[in-house]
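The values are calculated or read from the model by the stated rules, or taken from the named source; none is laboratory data. Here the structure is a predicted model, which is why all the values come from computation and not from measurement. Virtual Cβ from ideal backbone geometry, glycine too; neighbours counted across all protein chains shown.
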Amino acid sequence: MKIRLRSFFHFDVAEVFDQGQVQLADDRPTLRDLLKEVTQRSDGKAQVIDPATGELDTEYFVLVNGRDLQCLELGLETELRDGDEVGIGMMHFWGGG
């Protein structure tokens, strides 16, 4: 299953992932699975999941097919589908906090 990944901050997904696409082996991967993969492959440069809480780090925002994580009923447990686009950004790059 391939997920397209966009970065709205200094992390260049094209460098780490093949043309900004993540290949996930699980048949029913969740957003949490993807974000853990991003953290692992970025050597911690993009630590989107707070290791202390297991939730989204407050410095980041995540969009799934243009919808903010906060609007997704299942949050980090939202299942991803082949071809979904996930955007990750840092709040201070976007203009927030």
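Of all the residues in region 10-41, those that are out of contact with any Leu (no Cβ under 7 Å at 6 or more places or on another chain) and over 25 Å from LEU74 (Cα atoms) number 8.
Return the residue satisfying two criteria in turn: it lies in region 11-33 and is modelled with pLDDT under 90 and in a helix (DSSP H, G or I), and of such residues it is nearest to MET91 (Cα to Cα). So the residue we want is VAL13. Residues in region 34-68 that are in contact with a strand residue (DSSP E or B) (Cβ under 6 Å, 6 or more places away or on another chain), in a loop (DSSP other than H, G, I, E, B) and closer than 16 Å to HIS10 by Cβ: VAL48, GLU59. Could you tell me whether LEU72 is more than 21 Å from ASP12 (Cβ to Cβ), touching a strand residue (DSSP E or B) at 6+ places or on another chain (Cβ under 7 Å) and either modelled with pLDDT of 85 or more or not charged (D, E, K, R) (or both)? Here the answer is yes, as LEU72 does meet what is asked. Exactly one residue out of LEU31, LEU35, LEU56 is of a type outside the set (Lys, Arg) and in contact with a Ser or Thr (Cβ under 8 Å, 6 or more places away or on another chain): that is LEU31.
Restricting attention to region 75-84, the residues being over 11 Å from LEU34 (Cα atoms), assigned to a loop (DSSP other than H, G, I, E, B) and in contact with a helix residue (DSSP H, G or I) (Cβ under 8 Å, 6 or more places away or on another chain) number 0.
Among the residues of region 43-74, the one identified as out of contact with any helix residue (DSSP H, G or I) (no Cβ under 9 Å at 6 or more places or on another chain) and of a type in the set (A, V, I, L, M) is ALA52.
As for region 71-79, it holds at least one residue that is touching a Pro at 6+ places or on another chain (Cβ under 9 Å) and either among the polar types (S, T, N, Q) or over 16 Å from ARG6 (Cα atoms) (or both). Inspection of region 43-66 identifies at least one residue that is surrounded by 14 or more Cβ atoms within 10 Å (Cβ to Cβ) and small (Gly, Ala, Ser). Selection of region 12-31 for residues being within 18 Å of ASP43 (Cα to Cα) and in contact with a Gly (Cβ under 8 Å, 6 or more places away or on another chain) yields VAL13, ALA14. Count of region 15-38 residues, restricted to those that are within 9 Å of the chain's Cα centre (by Cα) and not acidic (Asp, Glu), is 6.
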